Amino acid sequence: MADEIPKTTPPPSDQAPQPTAENEHPAAPPAAAELEPSALTETEAKEQEPLPPPPSLPEVTESEKEELPPPVAAVVESESEEKTQKEEPERKQIPRSLISFKEESNIVADLSDSERKALQELKQLVQEALNSHQFTSPKLQETQEKAAAEAPPLISESETKPTHEPKIEENPLKEAEEVAKEATQLAVPPEEVSIWGVPLLKDDRSDVILLKFLRARDFKVKDAFTMLGNTIQWRKEFGIDALVDEDLGDDLEKVVFMHGYDREGHPVCYNVFGEFQNKELYQKTFLDEEKRTKFLRWRVQFLERSIRKLDFRPGGICTIFQVNDLKNSPGPAKKELRIATKQALQLLQDNYPEFVAKQVFINAPWWHLALYTMINPFVTQRTKSKFVFARPGKSAETLFKYISPEHVPIQYGGLSVDYCDCNPEFTIADPVADVTVKAGTKQTVEIIIYEKCTIVWELRVVGWDVSYGAEFVPDTENGYVIIIQKATKMSPTDEPVVENSFKVSELGKILLKIDNPTSRKKRLLYRFKIEPFEN
């Protein structure tokens, strides 16, 4: 079988490599493709073995559905999407192809007339609330403190509270109007309220924040205003501003971490639930209410720090791409994890609207897909469009659809490592060439050398089970071929990434050879750079 030889011309030493090949992607990150909603298409499903039949599952009530996946660390949309559908579908199927919804624009000019009107109405309510100091409710707080101080010792605390407490959720519009009149008469300056580091109504970033709450409540202005007020009050009670700078330790840094960006520029958050197989870590995190509360505070702190790095300017990236690794996940059978899940999901749904661009579940076991199928009737089509599921054998392939290989961590099939001294030659900014090696074929990558230099490259084939070799072929007719790497069979247990370098003292070309004898196509990832020649 003839070799397929993509030719690669090395760039000047100060430029990124530009590989050229008909059957490979360009080394530079490709343009953002339209997000595909599910990794399990009909074609892929036929290629895979059928799932084992799920166990007999009970009917799910409204209160029980919150205990099911998605798992505890995943950020969940709070957009009134958990609407209950009363009728069960005729058949329960594993989620496959779903309609894809593009992320909505946060630029006011792109909104429909009704959406712009809703935004203006919400801004008016917010302004009235700021004018009347409604969000901080000092009047209510003073009344409660005064009543508690003057109450006789034997009277219960509940009896000392005012009979009618002005609550933001009872009638926000009426409350805003009444207290605004009183504040105007007293010439009280408007209060300043910030959320996620953005002061409300100070600039156009505030519009982006308010649009999140509107979309979470289907552009129902009063509902969005109530949600915003409750969120501001919760942030004050939870002590968010102080929490951001609090030292909660680094025990969970391998459980949840940010790494790289997807093809559309969203920061990527990884949630690795298999870490909780460590019994010591599990007990330290979930054993009792105190530990679960600390975990919840840590998770909120991590989320707050991540959100404050987003761009809330109109047109900016203000959502996060979530990757949930379910390999060796403890699953829903763990009572403590179930409790923590319910607490976290409720808190995130109520106070962090519209912060997820995509939810990708990799290494998903069959039971997780079965459970998702069970709660599927309770999730709207818009939410379903953000979910992507991939079985263990498809995890890397699925991630590459949304994230360039140079941004995918090594443990998930890419070439990216944490920023440290262990990989000094390449960074996340160095693009990776992605080549498909067909089943039963050989692939040769040709890198042409135009000057004396030192060439450095790194390479991997996802899952290996192929042979890899490298050699230098000089341009001179009587020159000798130099074997840099003898053809070697690489197994899945070998090092995931091979690094090589070679000093080129004469013009020629480097050949990277991959022999794939298997019946499955393989993904070849490689990148290189040219450094000055040193004698």
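The values are calculated or read from the model by the stated rules, or taken from the named source; none is laboratory data. Small disclaimer: the values here were computed from a predicted structure and weren't measured. Every residue, glycine among them, receives a Cβ derived from its backbone with ideal geometry; neighbour counts consider all protein chains shown. When the accessible area is computed, the model is the full protein with side chains, heavy atoms only, and any ligands, DNA or RNA have been set aside. Shrake-Rupley method; radii C 1.70, N 1.55, O 1.52, S 1.80 Å.
What the table shows:
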item	result
Value of relative contact order over region 433-532, rounded to a whole percent, pairs C-alpha under 8 Å and six or more apart	51
Cβ crowding within 10 Å averaged over residues, with 202-212, 399-409 ranked highest first	399-409, 202-212
Residue-normalised accessible area of region 296-413, given per residue in Å² at a 1.4 Å probe	30
Residues in region 464-494 that a label on Thr518 would reach, taking backbone N under 18 Å of a point 7 Å out along Cα→Cβ	464-469, 488-494
Sulfur and carbon atoms: percent of accessible area, region 243-403 [1.4 Å]	48
Length added when fully stretched, Lys401-Asp241, from 0.36 nm per residue minus Cα-Cα	53.9 nm
Model label zone, Asp203; criterion: amide N under 20 Å from point 7 Å along Cα-to-beta-carbon; scope region 300-325	305-319
Residue-by-residue Karplus 3J(HN,Hα) for region 226-232, coefficients 6.51, -1.76, 1.60, Hz, glycine and proline x	4, 4, 4, x, 5, 5, 4
Mean separation of Cα contacts under 8 Å, 6 or more apart, over the residue count of region 302-375: relative contact order %	42
Listed peptides 519-531, 280-292 by packing density, highest first (mean Cβ within 10 Å)	519-531, 280-292
Rg/Rg_ref, region 342-419, where Rg_ref = 2.2 N^0.38 Å and atoms are Cα	1.28
Distance histogram in 10 Å bins (all Cα pairs of region 433-532, percent per bin)	15, 48, 28, 9, 0
Neighbour net charge for Val481 - beta-carbon separation under 14 angstrom, K R +1, D E -1	-2
With every protein chain in place, region 433-532: carbon and sulfur % of accessible area (1.4 Å)	50
Segments 111-121, 300-310 sorted - mean Cβ within 10 Å per residue, highest first	300-310, 111-121
Pairs of Cα atoms farther than 26 Å apart, region 243-403, %	29
Stretch gain in nm, segment Lys327-Gln411, where the contour uses 0.36 nm per residue and the Cα spacing is subtracted	29.0 nm
